[in-house]
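Taking it in order: structure first as structure tokens, then the write-up.
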Amino acid sequence: MADKKSEKILIIDDNDDFCQFMKLLLETEGFMVFTANNGEDGVRIAYDYLPDCVVLDYLIPYVSGVEIAKKFKSDPVLRNIPVIFLTANDSKDAFIEGIDSGADDYVVKTNDFDIINTRIKAMLRMKKLQDTNVFYMRMLEQDILYAGKLQNAILQHGHTDIPQTRLVEVYKPYTKVSGDYYDVKRLATNESVIIMADVAGHGVAASMLTIFVKSFFDNNAVDKQGRIVTPDEFLTKLNKLFVSEGFDDSFFTSIFYALYNNETGRLLYAKAGHPAPLVYQAKTKKIIELTVKGMLIGVVDTAEYRMEEITLGQNDVVFMFTDGIFEIFGAGDEIFGEERLHRMFQKEMDDGTLLTDVPDIIMNAVRRFSRDNELKDDVTMLFLKRE
């Protein structure tokens, strides 16, 4: 027997004698029972008391039972209430129409009350499970919301200005939390360090790992003796710590790390499985990929990282990005891809497009290409122009 008066049943049937008969039987089972003889009253009572289950006559006059069921299932307040059609109509067509309308069960009227009672209890079990799932989903949504706010407060995406250099950035998380992270810091008079990271996966865990990377960046860009750590040294040290922490095997991150001298234009860089940034050379109007080998952070602690060097000339532009901007699928499962991104960047640079306009041009092109007209991953882009 259910806990006394703990669960509410609404019966909607134009036969008041049947309503009162069912009410009496269900009340002996411990349910709180409400009755209505038409759909309009039934919906009103449902709003007032939010029953745990509705028993609905399929052949109720005026407004049909099917229309009432559709009303319940389309209403954001009532849609999670199980609806059982209880009717003398045992035809196949009626059954299909009833279930298609959104009803959760279809029971042919019988003198055996135990059958009806059992079906109601089954619906109530389903409702409890659904309510529990909704409760935890709301808790999870709230946790994700707070995690996103916490992540944004800690990461504080942005940078200090670099002399003789223009910086344009785009940071668009796919959800309220992001697995992308970037930062630009002035470390000395003419030296700045740039980091761009992309943690595998989505959700709170990935966002917390971006905070882990930021914490390491804040404390290890310069060593204890005040020496600026080179990109290869930085990635080697981060990788060893990442592996030693024993994170789940599915958690790893790609990183591009660079040391930039705004006076000389020298750019020292190293990569850990990250997409190769592009350099547009204004003098030759050619694009160079900053390709250098380096395993993803967090795979094995013996990974080795190499450092390369390039000198930027006047008006040269470095384009750094995460894979969310090109791993987009369009019609026919065609991928946007890095080559298409490279061509777009080349064209905009050749055309002399304002650097501040380039991110929007790229984002709009990617959205148009996408089969869903939207992005499916975190997107980070950073443009550095030596002026």
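Derivation of every value follows stated rules applied to the coordinates shown; laboratory data play no part. Note that the structure is predicted; figures quoted are calculated from it, not measured. For neighbour counting, all protein chains shown are included, and Cβ atoms are generated from backbone atoms with ideal geometry for every residue, glycine included.
Rounded if a/c is under 1.5, else prolate if a/b is larger than b/c, else oblate: which is the range 1-56, with a ≥ b ≥ c the root eigenvalues of its Cα gyration tensor? Here the range 1-56 falls in the oblate category. For the chain, a simple Cβ point-charge model (Lys and Arg +1, Asp and Glu -1, everything else neutral) yields a dipole of about 1260 debye relative to the Cα centre. Rounded to the nearest 10 degrees, the inclination of helix 231-244 to the longest alpha-carbon principal axis of the chain is 40 degrees.
Of the options (1) 5, 19, 21, 13, 10, 12, 12, 7, 2, 0; (2) 5, 22, 31, 26, 13, 2, 0; (3) 5, 23, 34, 27, 9, 1, only one is P(r) over Cα pairs in 10 Å bins from 0, in percent as computed from these coordinates, and that is (1).
A Gaussian network model of the chain, with springs between Cα atoms under 10 Å, assigns the largest mean-square fluctuation among Asn133, Asn239, Asn111 to Asn111. The aspartates and glutamates within cross-link reach of Lys121, meaning a Cα-to-Cα straight distance under 19 Å and a gap of 8 or more places when in the same chain, are Asp3, Glu7, Glu27, Glu29, Asp52, Asp57, Asp104, Asp105, Asp112, Asp131.
Here the average projected area of the convex hull drawn through the C-alpha atoms of the range 8-136 stands at 7.3 nm². When the Cα centres of the range 64-98 and the range 312-356 are compared, how far apart do they sit, in Å? Between the Cα centre of the range 64-98 and that of the range 312-356, the gap is 53 Å. Most tightly packed first, judged by the mean number of other beta-carbon atoms within 10 Å of their residues, the peptides 92-102, 10-20 read 10-20, 92-102. Estimated from helical segments only, the mean residue ellipticity of the chain at 222 nm is -12500 deg cm²/dmol, where each DSSP H run of four or more residues counts as -39500 (n - 2.57). Taking only the C-alpha atoms of the range 193-263, the Rg (one decimal) and the largest Cα-Cα distance, Dmax (whole number), read 12.8, 42 Å. The magnitude of the dipole of the range 55-133, with charges of +1 and -1 set on the Cβ of Lys/Arg and Asp/Glu and taken from the Cα centre, is near 320 debye. Taking a point 7 Å from the Cα of Glu67 along the Cα-to-Cβ direction, the residues of the range 17-61 with backbone N closer than 16 Å to it are 37-44, 57-61.
The mean sequence distance of close C-alpha pairs (under 8 Å, at least 6 residues apart), as a share of the length of the chain, puts its relative contact order at 12 percent.
Each label point was placed 7 Å from the Cα along the Cα-to-Cβ direction; for Lys237 and Val134 their separation is 5.2 nm. Basic side chains Lys and Arg get +1 at the Cβ, acidic Asp and Glu get -1 at the Cβ, and with that the dipole of the range 1-119 about its Cα centre reaches some 300 debye. Too long at a 22 Å Cα-Cα cut-off: which of Lys176/Lys237; Lys214/Lys237; Lys71/Lys127; Lys185/Lys385? Over 22 Å apart, Cα to Cα: Lys176/Lys237.
As a ratio to 2.2 N^0.38 Å, the alpha-carbon radius of gyration computed for the range 232-387 takes the value 1.13. Got the relative contact order for the range 156-386 handy, in percent, Cα pairs under 8 Å and 6 or more residues apart? It comes to 24 percent, rounded to a whole number. Since only Ile325, Asn219, Ile115 are under comparison, the one whose Cα sits farthest along the positive direction of the charge dipole of the chain, derived from C-beta charges on Lys, Arg, Asp and Glu, is Asn219. Packing-based ranking of 345-358, 317-330 yields 317-330, 345-358, ordered from highest to lowest mean Cβ neighbour count within 10 Å. Taking each residue as 0.36 nm, the span from Ala88 to Arg227 lengthens on full extension beyond its C-alpha to C-alpha distance by 41.5 nm. From least to most packed, judged by other beta carbons within 10 angstrom and beginning with the fewest, Tyr106, Tyr174, Tyr58, Tyr257 follow the order Tyr174, Tyr106, Tyr58, Tyr257.
Across the range 215-345, Cα pairs under 8 Å and at least six residues apart give a relative contact order of 23 percent.
For the chain, the longest principal axis of the C-alpha atoms and the axis of helix 203-220 are separated by about 20°.
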